[in-house]
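Working notes, structure below.
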Amino acid sequence: MKASISLRGAVCHVAVLAALAGLASVQLSAQMLINGAGATFPAPIYQKWFSDFNSVDSNVQINYQAIGSGGGIRQVTEGTVDFGASDGPMTDQQLAEYQQKHGFPVLHFPTVLGAAVPTYNIPGVTASLDFTPEALAGIFLGKIKRWSDPAIQKTNPNVTLPPREIVVIHRSDGSGTTYCWTDYLSKISSEWKSKVGRNTSVNWPAGLGGKGNDGVAGLVKQTSGAIGYVELIYAVRNHMAYGLVRNSAGEFIKANLSSVSSAAADAAEKMPADYRVSITNAPGKESYPISTFTWLLVPSKINDAGKRDAIKKFLKWALTDGQKSASSLQYAPLPKALQSRELGDISKIH
Amino acid sequence: MAATTSTVLDRAPEPRARGFWRRLRAGEEIAYLIALSAATLVLLIVGLLVYQLWISSTLSIHAFGFSFLTGSTWDPNAGQFGALPFIYGTCVTSALALLIAVPLGVGASIFLAELAPPNASNVMTFLIELLAAVPSVIYGLLGIFVLVPLIHTYLAPFLTATFGFLPLFQGTFYGVSFLSAGIILSIMVAPFIISVSREVLYAVPTDQREAALALGATKWEATWDIVIPNARTGIMGSIFLALARALGETMAVTMVIGNTPAISASLYSPGYSIAAVIANEFTEATGNLYLSSLIFLGLVLFGLTIVINAVARILILVTQQKGAA
C-alpha cells in the first residue's frame, strides 16, 4: 500500500518535471531575450517600440531599463546589456575605453529627437515671451536679475515686464535635458562655456534645483518670477506655456515637432560618420535651436548570431515603421535623409 | 605520560558531545546558532558595505583626500568635487528636525503613556505609527505642494517679523530651503520618537509611580522626576533612531531643500544634503572620478552618522556621570 503510494508519487513527480522541462525548452527556443538600458527621456517611445516590435516578430522580447544615460553608457561598456541608450553622445574618452575593453567599437544610432523649452511664471504676464540667446545666457548666468531688464524687454515690446526678481530653476538630477540646455548655452555664450560648460549636471551659477521635469515645473509654478526649462514633451502633455527662442538665423521659433525635425534636417547634411553630433543652435530659418538627438548604443560585434539578427531587424524596423509612431507620443521623427543613411549603417553590425 | 593525557582528553569530549545532541534536540543549540548567525550576518553586511564604499571611492580619495571634506565646489565638468555644502546641509536639516521633533515627540509620548486614557492612547498611537509607514515621497509631495506654500505665506513672514534680527531668518525666502527640509523631516521622524518612547515609558515599573505618589508627589512630579529619568536611556535610543532617519532621508529632502550646494547661515536659503545629491546625480554620472566622488559621499555620510552617534553617546555618558555625582 505504502509502496504503491510512493510509486504513484514518483510517477507524478517525473511527469511534472518532464512537463516543466518541456515548457522551459519551448520558452527557450521561442523567445530571444534582449536587454537594453539607458536614457529616461526616450523611454516611453522605446517601451512602445519594443512592445510593438514583439507583435512584428513574436520571437524577440526586448527588455528596457530606464536607468539614465550615464548608466546606459556604463552598462554597455561593462557588457552587461546588449545595447545602451543615451541622450548625449559618448565622449572620445568613453569610446576609447570601450574599444580597449572589447577590441571593437560601439555604434551610435540616432532614434528620435527631443527639445528643451523655457517656461516661466511672471504674475500678470500671460503672453508667450521671445527670448534671445543673450537673454537666456544672461539669466542662467545670474547676470540678468530682473524681468524688466532691457535684454528681455527689448524683444517683447508688447508686454510690460515687471521689475520682479528672476528666480532660475534648473534640474537637480542629472539629465539629458540639462545636457541639451547647457550644450546650447555653451554654444551661444563663451562665458557660459568657460565658466560652466555642458554636462548632464553642472555647477549652476544661479538658482534652485528641482528633481525631474515635474520638480522644475512645480517650482516654477509656485515661485513668482521663476524661469526654468523642461522637456518639450512634458510641456506639451501638461499644457504648459513656454517661450520662443531666437535661432541662429534670427527668427523667434516656437518648439514643436516640425521645428525640432527641421533642426535635425539641417544637421543631417553635415552629419559625421559616427552620428555623434550636437544639433543645438542649428542653422536654418525654421530650426528650433535647443533640440537634440537621442541615441541607441549598439556594439559593432555581436557574437550570438540570433541576437545580432534580432537587433538588426529591430533597428531596421525602428528607423522605418517605428518612426511613424514617434509623433503620436510627441517625439520628433528623424528626417528622411538621415533614416536612409542609418539604414545603410546597420550592416556595420556583424 | 603524554599518552595518558591525550587519552583523557580524547575521552573527555564524549559526554559534552552527547550533551550537545541532547540540547540540539531540545532546540537550545539551534536557537543559539540561528541567533549567532543572524548577528554575525548583520556585522558582515556592515563590514561589506564599508569595504565596498571604500574600494569604489579610492579614485576620489586619492584625488582629493582630506580636501574632499573641506572643499565647497561641486563641478562635474571641471572634475572638482568638495563635500562641505552637502555635509553642512545634512547636519543643519537633521539638527533642525530634531530641535522640533524631540520636544514634540517626547511631549506626545508622555501624554500617551502617562496622562491619556488607555483607549484613546491606543487609538492615537495606532494613527501615529501609521505616519511612520507613509512612503517618504508622499511626504516630499506634501512638502512641496502644501507645506512649502504654508510656510511661505504664514510662517516665514512671522519669523522675519519676530526674529528677523537673527542671521538665521534673513534673505529672500523662495519656499524651498533648509527650513522647509527641517520641518518636513521633523514630521517624518517624530512618530519614531513617540512610539518608541511610549513603549519605554510603559516599561517603567508601576511601583515607582506609586511610591512617588505615596510620598506626596503630584502626578506631574511623579512623571517628570521619577518616570522620565527611569526611561531616559530608552528615550535617547528613540532619538538616535530618529536622527539616523533624518540623516539618511533622501526623497522628501531633495524635493524641498532646493538642491543648491551653498553654505549659508540663513535657514531661508536653499541647500543640499548628501543623500539628496547621491540620489539626484548617480544615475546620470559619467566619468569614473565623478562616480567615485558620489560613492565617496556615501562613505562620508556613513562616517558622519557614526561620528554624530558617538558624540551623542559620549554626551549622555558625561551628563549621566555628572547626575550621579
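Placing a label point 7 Å from the Cα of B:Gln320 along the Cα-to-Cβ line, the residues of the stretch B:219-250 whose backbone N sits under 20 Å from it are B:224-244. Size descriptors for the stretch B:206-269: radius of gyration and Dmax over Cα atoms are 20.5, 58 Å.
For the stretch B:91-107, the Karplus equation 6.51 cos²θ - 1.76 cosθ + 1.60, evaluated at θ = phi - 60°, returns couplings of 5, 4, 5, 5, 4, 4, 4, 5, 4, 8, 6, 5, x, 4, x, 5, x Hz by residue, with Gly and Pro reported as x. Within the shell defined by Cβ-Cβ distances under 15 Å, the residues around B:Ala203 carry a net charge of 0, with Lys and Arg each +1 and Asp and Glu each -1.
Given R₀ = 41 Å, FRET efficiency for A:Ala273-B:Trp54 by Cβ-Cβ distance, to 0.05?
With a Förster radius of 41 Å, E is 0.45.
Judged by the ratio a/c of the largest to the smallest principal axis of the C-alpha gyration tensor, chain A counts as prolate, that ratio being 1.5 or greater while a/b is larger than b/c. Within the listed set B:Ala246, B:Ala217, B:Ala38, the Gaussian network model of chain B (springs between alpha-carbon atoms below 10 Å) gives the highest mean-square fluctuation for B:Ala38.
Excluding B:Ala132 itself, calculate the net charge of residues whose Cβ lies under 14 Å from the Cβ of B:Ala132, where each Lys or Arg counts +1 and each Asp or Glu counts -1. Neighbour charge sum, excluding B:Ala132 itself: -1.
So if each residue of separation counts as 0.36 nm, and I subtract the Cα-Cα distance between A:Glu165 and A:Lys143, what length gain in nm does that give? It would help to have the intermediate numbers written out before the result.
Values: separation 22, 0.36 × 22 = 7.92 nm, distance 1.15 nm.
So the chain would gain 6.8 nm between A:Glu165 and A:Lys143.
Between the amide H of A:Val112 and those of A:Thr294, distances stay under 5 Å, these residues lying 5 or more places away or on another chain, with hydrogens modeled in the peptide plane. Comparing A:Gln99, A:Gln75, A:Gln61 in a Gaussian network model of chain A, where Cα atoms under 10 Å apart are tied by springs, the biggest mean-square fluctuation is seen for A:Gln99.
Each principal axis of chain B carries a Cα extent, and these read 87, 66, 40 Å when sorted largest first.
Filter the cross-link list A:Lys211/A:Lys312; A:Lys101/A:Lys307; A:Lys187/A:Lys301; A:Lys145/A:Lys187 down to pairs whose alpha-carbon distance in this structure exceeds 25 Å.
On the way: A:Lys211/A:Lys312 36 Å; A:Lys101/A:Lys307 21 Å; A:Lys187/A:Lys301 35 Å; A:Lys145/A:Lys187 22 Å.
Distance filter (> 25 Å) returns A:Lys211/A:Lys312; A:Lys187/A:Lys301.
Legend: calculated FRET efficiency, A:Thr80 to B:Ile45, from the Cβ-Cβ distance at R0 = 30 Å, rounded to 0.05, equals 0.80. Distance between the 7 Å Cα→Cβ label points at B:Asn122 and A:Ser194: 7.4 nm.
Taking a quarter of the surface of the Cα convex hull of the stretch A:267-350, what do you get in nm²?
Reported value for the Cα convex hull: 6.0 nm².
Backbone amide hydrogens, once placed in the peptide plane, bring B:Tyr268 within less than 5 Å of B:Gln170, excluding anything fewer than 5 places away on its chain.
Between A:Asn158 and A:Asn238, the simple label model (points 7 Å from Cα in the Cβ direction) yields a spacing of 2.7 nm.
Let me know the volume per residue of the alpha-carbon convex hull for the protein assembly as shown, in Å³. Each step should come with its number before you reach the end.
Values: hull volume 204.1 nm³, N = 675.
Convex hull volume per residue, Cα atoms: 302 Å³.
About the centre of its Cα atoms, the stretch A:115-269 shows a dipole size close to 380 debye [charges on the beta carbon of Lys, Arg (+1) and Asp, Glu (-1) only; nearest 20 debye]. Shape summary: the stretch B:120-208 maps onto an equivalent ellipsoid whose semi-axes, from the alpha-carbon gyration tensor, are 33, 18, 10 Å in decreasing order.
Pairwise Cα distances in the stretch A:29-121 exceed 17 Å for 55 percent of all pairs.
Quick one: if the Förster radius is 45 Å, what FRET efficiency do B:Leu36 and B:Ser67 give, using the C-beta to C-beta distance and rounding to 0.05?
On the way: r = 43 Å, r/R0 = 0.95.
Efficiency, from the Cβ-Cβ distance: 0.55.
What's the local net charge at A:Gly250, with K and R +1, D and E -1, over the other residues with C-beta under 13 Å away? Charge balance in the 13 Å sphere: -2.
Kirkwood hydrodynamic radius (Cα pairs, Å) of the stretch A:115-269?
Values: mean 1/r = 0.0641 Å⁻¹.
Roughly 15.6 Å, rounded to one decimal.
Rule-based calculations on the coordinates, nothing more; no lab input. This one's a predicted model, so the numbers in the text were calculated from it and none came from an experiment. Because the Cβ atoms are built from the backbone with ideal geometry, glycine has one as well, and the counts that use them run over all protein chains shown.
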